[in-house]
């Protein structure tokens, strides 16, 4: 579309200004924001905001998009012109159309998806820590997954294993909730969690299922060894075939009439207990 793009000769960069929401590249960004299949086909995901920009591994950045106002205000400070043809400028109206947030900060990045293998999670990590893994069964809430990644990084979790039907880790809401941890936390999706848990057991990793039928209090177990915590679906908990493979059922004692905790909250309690024991 001839009228959707303008050259910016007055700016010290090679960027174009996209001014129409109907532009093919703009449409592609919107599709990547909304559709998991489209993201997976291209092996990309989108992050937004200055913090996500500052923490992004440069080798994984495919494209940078900024609003016209953002470029005028922060372009020189952030050295955006150094991206050359990897960066494009969108009119403020078009950027708002592309953004997944109600109040866009004005910068988004197209990132390359990462991959990890189970075998990479079974040994001591770079800091010499024994594996501390979160195993998530059919988790569906984006906020829960993002919070588990963020809290997990803070607690020293070395990897996250998810059933194939968990929420997409590259969902924009998950990405926002991670606050950058998605860049650093190793993770993998698997087809069959029970088989994966057997692999973990063979590698000497002890698995603990957070379960309403748990008899042992979570703070009575030893997590200084290789450890995996199993967390189930928000409404239904762990599936029987997954829970049955766990070495032990554990519970978080609670007062009042509360029966269970939010998945992310329960995960945080367990992760930080392991962190406490490992200090």
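The values are calculated or read from the model by the stated rules, or taken from the named source; none is laboratory data. Please read these numbers as outputs of a predicted model, since none were measured by experiment. Positions of Cβ are backbone-derived with ideal geometry, glycine not excepted, and every protein chain shown enters the neighbour counts.
Just wondering, is there one or more residues in the stretch 209-216 that are touching a helix residue (DSSP H, G or I) at 6+ places or on another chain (Cβ under 9 Å) and surrounded by 20 or more Cβ atoms within 10 Å (Cβ to Cβ)? Scanning the stretch 209-216 turns up at least one residue that is touching a helix residue (DSSP H, G or I) at 6+ places or on another chain (Cβ under 9 Å) and surrounded by 20 or more Cβ atoms within 10 Å (Cβ to Cβ).
Let's see how each residue does on (1) surrounded by 15 or more Cβ atoms within 10 Å (Cβ to Cβ); (2) at positive phi:
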| position | (1), (2) |
| --- | --- |
| 232 | yes, no |
| 235 | no, no |
| 239 | yes, no |
| 245 | yes, no |
| 256 | no, yes |
| 263 | yes, no |
| 270 | yes, no |
| 276 | no, no |
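The one condition from (1) over 15 Å from residue 157 (Cα atoms); (2) touching a residue at least 40 places away in the same chain (Cβ under 8 Å) that residue 216 does not meet is (2).
State whether one or more residues within the stretch 67-82 are closer than 14 Å to residue 110 by Cα and surrounded by fewer than 20 Cβ atoms within 10 Å (Cβ to Cβ). For the stretch 67-82, residues closer than 14 Å to residue 110 by Cα and surrounded by fewer than 20 Cβ atoms within 10 Å (Cβ to Cβ): absent.
Of the strands (runs of 3 or more DSSP E) that lie entirely inside the stretch 83-196, those containing 2 or more residues that are surrounded by 16 or more Cβ atoms within 10 Å (Cβ to Cβ) and outside the structural domain of residue 246 (by TED's automatic domain parsing) span 87-90, 107-112. In the set (1) at pLDDT 95 or above; (2) over 21 Å from the mean Cα position of the chain (by Cα); (3) outside any strand (DSSP E or B), the condition left unmet by residue 250 is number (3).
Checked against the criterion of being under 25 Å from residue 146 (Cβ atoms) and either free of Cβ contacts under 8 Å to residues at least 60 places away in the same chain or in contact with a helix residue (DSSP H, G or I) (Cβ under 9 Å, 6 or more places away or on another chain) (or both), the stretch 84-95 has at least one qualifying residue. Would the stretch 57-66 turn up any residue that is surrounded by fewer than 16 Cβ atoms within 10 Å (Cβ to Cβ), on the phi > 0 side of the Ramachandran plot, assigned by TED's automatic domain parsing to the domain that holds residue 42 and not in a strand (DSSP E or B)? Scanning the stretch 57-66, I find no residue that is surrounded by fewer than 16 Cβ atoms within 10 Å (Cβ to Cβ), on the phi > 0 side of the Ramachandran plot, assigned by TED's automatic domain parsing to the domain that holds residue 42 and not in a strand (DSSP E or B), so the answer is no. For the stretch 203-226, the set of residues classified as modelled with pLDDT under 95 and in a loop (DSSP other than H, G, I, E, B) consists of 211, 212, 213, 214, 215, listed by residue number.
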